[in-house]
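Heads up: the structure comes next, in structure tokens.
Each value in this text was obtained by applying a stated rule to the coordinates, not by laboratory testing. Bear in mind the structure is a predicted one, so any value in this text is a computation, not a measurement. As a convention, Cβ positions derive from the backbone with ideal geometry for all residues, glycine included, and neighbour counts pool all protein chains shown.
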Amino acid sequence: MHNITLQNWSNSSCLSKNNQLYIEEIYKIFLQNPNSVDPSWIKIFQYLSLDKKIDKKNAKHLNNTTYLSSKHDAITNTPNQTSITSDIFNNTTYIQLSQLINAFRTYGYQYAILDPLNLQNKTTHNPLLELENYNFSSKNFKNNIDMTPFGLNKKSMNIMEVYSLLKKIYCGSIGIEYMHIINPKIILWLQKKLESSTTDLNFNDEEKKQFLKEIAAAEGLERYLGTKFPGVKRFSLEGGDALIPMLKETIRHSVHHHGITEIFIGMAHRGRLNVLINILGKNPKNLFNEFSNANKISNKSGDVKYHQGFYSDVTLNGNTVHLSLLCNPSHLEIVNPVVMGTVRARIDQLSIQSKIYHCDITTNNTILPILIHGDAAISAQGIVQETFNLSKTRAYSVGGTVHIIINNQIGFTTSNIRDMRSTQHCTDIAKMIQAPIFHVNADDIESVIYITRIALNFRNEFKHDVVIDLICYRRHGHNEADEPSVTQPIMYKKIRNHPTLINIYSNALKKQKIINQDDNIKLIKSYREILEKKQCVLQKWQPIRTNTTLNTNNLINNEDIKPSKHITQQYLKNLAYHISNIPAEINMHSRVKKIFFDRTEMAKGKKLFDWGAAEILAYATLLDQGISIRLSGEDVARGTFFHRHAIIYDQNSGEKYIPLEHRGKPLAHNKQGHFFIWDSVLSEEAALAFEYGYANTAKNMLIIWEAQFGDFSNGAQVVIDQFISASEQKWGQLCGLVMLLPHGYEGQGPEHSSARIERYLQLCSENNMQICIPSTPGQIYHKLRYQGTCAIKKPLIIISPKSLLRHPMVNTSLENLSHGSFQTIFGEIDKNILINKTNRVIICSGKVFYDLLEQRRKNQQHDIAIIRIEQLYPFPQLHLETILNSYYAHTEDFVWCQEEPKNQGAWYYMQNHIQNIMPSNITLKYIGRPDAAAPATGYLSTHQTQQKKLINDALHTN
């Protein structure tokens, strides 16, 4: 019992540097008066002092033995004492030894030999890692000490042996940071793996030959490309060649030992071509064609070769594993949350298929995400922090990600750490999630493989992120046309004379008599011959299937899917009632109770459906037909504007009740969809990128992301520009993601008015996505249902309302929900507006329609017609042309009216499209706010004045 207590205490983080002086001070007080300290400390000190003898002599010794002092006299052991457990505090050896071991665990990485170029200035001098600062007695250097309480791999050692072992573990080619972690189980697990097992890297000869072969492949490809295509951008991996055997080992180990069946990789440019050829098995012929511009011409815009993704199924010793390298633009690190979303989609998909809807994703997880970062980017790009923040949350967790940093020690042309970051290491950002960090010298390939296995075992054990900092160098410039010595003369002088990894490791294996010179030459020659033949270089695990796109169709054949017109009105009434009739035992908030009472009235046909009721009913019909739904965003469960209430919170217990999970007798008896709804973290960029990745992979699902306010999506502009709007044309990547962007001018200021419609319209071309502004509950119902059931997926941007959510004029009948469909345009709705009496036609979209309609009816104006366009892109040209043709004989005054400033909103987009279908003698006029730098005014009175003016201008009432 005593040794167990000692071991737990010695291994705990309470013995860190920050606590040592405090503990010693408490112990001094305890020696003088044991009853004067907290009882918990009395218990600890009594356990440590086996003979329970506390006297002034011990106190005197302790006063003279502080671990920070190097000038005090050494304390002499009592005769015949060879073990600290016999009388621990007679000479404080236990405290000193605990401090020494703890110092190496905490700071040993500072002295590790990590830089292959040996350019890192070792300015850090840590006295806690210097033996002389502990003043061990001379007998401690001669006599063995019982090491049982400390968890090291030998039962007894003298101080010099302990010190040598600690340096070997923590200060070699591997530097480990883990004492920042607060979970004692993780700390003890890592200490056991690092200290209890042998520190020798026991790889057999065949394994070592395999590592050499993989290094030869990594270097061989780069040299071949450099010779065949000199000066062409390829973002060479040279200097970081260890990445290839590292990834190979990651795949081997995770498949054989952890049952991984799918691996998704995200990375930027450097080394990407090497990974495509040597890991995923892309045919070199296709890559060479891309270099030679001989690749097939298609109607897609395409992308450069080092942005492309690749997907392959390979067989590894009888096990089939799916490998995916996701497409990624030049925006560094943005692929991180995309990978996580893709992985989470597969995890959720497997849980749905197994009918374990609420399964814990930390168990039985066979999907492995790998993110490969650049050292300058991981510490500088905010998306990294956002992604780390997602990692342990319920909505976004993927059971742990393996992070690999290709640490070139330079960012573009900047290598001075004082200009690159404010932390010692680029990996410090990972400490925010308590991730262990393994720094490793990339020129020591066996250390790289050793630490890779530990990292994978850790991830498998704790389902937690882990970071490997592969410290290497960049043999060429930022790209092959760059001259790096202009800005880094010292570094590149060193690099020019530095041997490559294949030379370093082959020489080591020659010394061990594992290979000879001829073996090495044959290895290099053999790989080059395969490239010359333009054959797949993978041999032991040949790809059985490859693809350049992740998915082309997101909908599995589902015979239960029915269009709206085949769903009976009675079925809808029953379904609406079941999801609105909340059990009496659920204690609802009074306001929420009123909402659900109204919804039951709508289900009974006593009231028309409002926006929230129609939206939830759309989800219910999809779920009932086997279509699962993921809805996420900031406060989506309730809805920013208090309209959705997809989750009800019991006011007494706080328990959740999800009405959509209680739908009554289903329409489809065999296939039931699952409803995933998540209030997201306060993020736009990472959260939206995650949902994009999720939507790429999920099948039989409707994926929706809602912005708290429409223009909050500004924070995710990279995701919108590079992925959502362009992924089909660049990479052939289809995506059915829905974005709900609340929009409407209600005087809430420049950040809460506009969803920036103009930005989305500017991105529209080649039928790449849909932009809709639905103005009725029926419209949102039909559009969401269509998006969930259509076979070919396109991103759907919905400019959703705010004040219209509860507007008395905004409602829909049950008959429309049952028999209607989405309308791209609504013509004039008032029957007393006659075409032959019309003097003006107002064309508009969104909320302003109701302002115009309300004021026109109030004014009793019967000579102005109002047309509202519900789908802005693809532009409904034929439909609008048909409607407008009926007015030309009697009307020449046509205007576009909008709430947004003239230089924003849909005006310029609409002007071009509408003017093109009008007769040449008619000019479309603009009515709305004048040009403005900001989307809206911040003053309510100004807003009201502007709004009144534009309505009056449109209705000729000035």
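Values for this structure:
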read-out: Relative exposure of 419, 313, judged by other C-beta atoms within 10 Å (fewest first); value: 419, 313
read-out: Viscosity 1.306 mPa s, 10 °C: Kirkwood-radius Stokes-Einstein D of the range 564-819 over Cα pairs, µm²/s; value: 85
read-out: Loop sites in the range 197-300: trypsin sites (Lys or Arg not before Pro), DSSP, at most 15 other Cβ within 10 Å; value: 296, 300
read-out: Peptide ranges 643-649, 506-512, 720-726 listed from the most packed, as the mean C-beta count within 10 angstrom indicates; value: 720-726, 643-649, 506-512
read-out: Euclidean distance of C-alpha centroids, the range 179-196 and the range 208-244, integer Å; value: 36
read-out: For residue 156, distant residues with modelled amide H under 5 Å away; value: 147
read-out: Lys/Arg +1, Asp/Glu -1 at C-beta; the range 240-301 dipole; positive extreme among 255, 286, 271; value: 286
read-out: Of 629, 888, 841, farthest towards positive along the dipole that unit charges on Lys, Arg, Asp, Glu beta carbons give the chain; value: 629
read-out: The chain - share of DSSP beta bridges that are antiparallel (%, nearest 5); value: 30
read-out: Selection from 524, 776, 569, by position along the positive dipole direction of the chain (Cβ); value: 524
read-out: Stretchable slack from residue 522 to residue 182, in nm (0.36 nm times residue separation minus alpha-carbon distance); value: 117.3 nm
read-out: Spacing of the two label points (7 Å from each Cα toward its C-beta) at residue 119 and residue 167, in nm; value: 2.7
read-out: Gyration tensor verdict on the range 401-512 (Cα atoms; rounded if a/c is under 1.5, prolate if a/b is larger than b/c, oblate otherwise); value: oblate
read-out: q = 0.11, 0.12, 0.13, 0.18 Å⁻¹: log10 I(q)/I(0) that the Debye formula gives for the range 124-226, counting C-alpha atoms only; value: -0.55, -0.63, -0.70, -1.02
read-out: Cα-Cα over 22 Å, subset of 730/794; 783/847; 193/513; 282/510; value: 193/513; 282/510
read-out: Relative exposure of 718, 848, judged by other C-beta atoms within 10 Å (fewest first); value: 718, 848
read-out: Nitroxide proxy distance, nm - points 7 Å out along Cα→Cβ at residue 418 and residue 794; value: 5.6
read-out: Interchain or long-range residues, amide H under 5 Å from residue 926's placed H; value: 896
read-out: Per-residue ³J(HN,Hα) for the range 890-899, Karplus 6.51 cos²θ - 1.76 cosθ + 1.60, θ = phi - 60°, Hz, x for Gly and Pro; value: 10, 10, 10, 9, 10, 10, 9, 10, 9, 7
read-out: Dipole magnitude (debye, nearest 20) for the chain, charges at Cβ of Lys, Arg, Asp, Glu; value: 1100
read-out: Gained length - residue 233 relative to residue 590, 0.36 nm times residue gap less alpha-carbon distance; value: 122.1 nm
read-out: Taking the convex hull of Cα positions in the range 825-954, its mean projected area over all directions (nm²); value: 7.9
read-out: Kirkwood hydrodynamic radius of the range 334-462, Cα pairs, Å; value: 16.1
read-out: Helix-only [θ]222 nm of the chain, DSSP H runs n ≥ 4, -39500 (n - 2.57) each, per residue, nearest 500; value: -11500 deg cm²/dmol
read-out: The chain: Rg to Rh, with Rh as the Kirkwood radius over Cα pairs; value: 1.06
read-out: Links that overshoot a 26 Å alpha carbon limit, given the list 167/192; 305/533; 233/300; 606/793; value: 606/793
read-out: Net length gained if the chain between residue 601 and residue 854 were fully extended (0.36 nm per residue, minus Cα distance); value: 88.5 nm
read-out: Placed amide H near residue 234: partners under 5 Å, 5+ positions off or other chain; value: 480
read-out: Likely footprinting exposure, 799, 530, fewest C-beta neighbours within 10 Å first; value: 530, 799
read-out: Protection proxy ranking, peptides 304-312, 402-410, average beta carbon neighbours within 10 Å, highest first; value: 402-410, 304-312
read-out: Shape category assigned to the range 573-616 from the gyration tensor of Cα positions, a/c cut at 1.5; value: prolate
read-out: Share of Cα-Cα pairs in the range 710-840 lying beyond 18 Å, as whole percent; value: 62
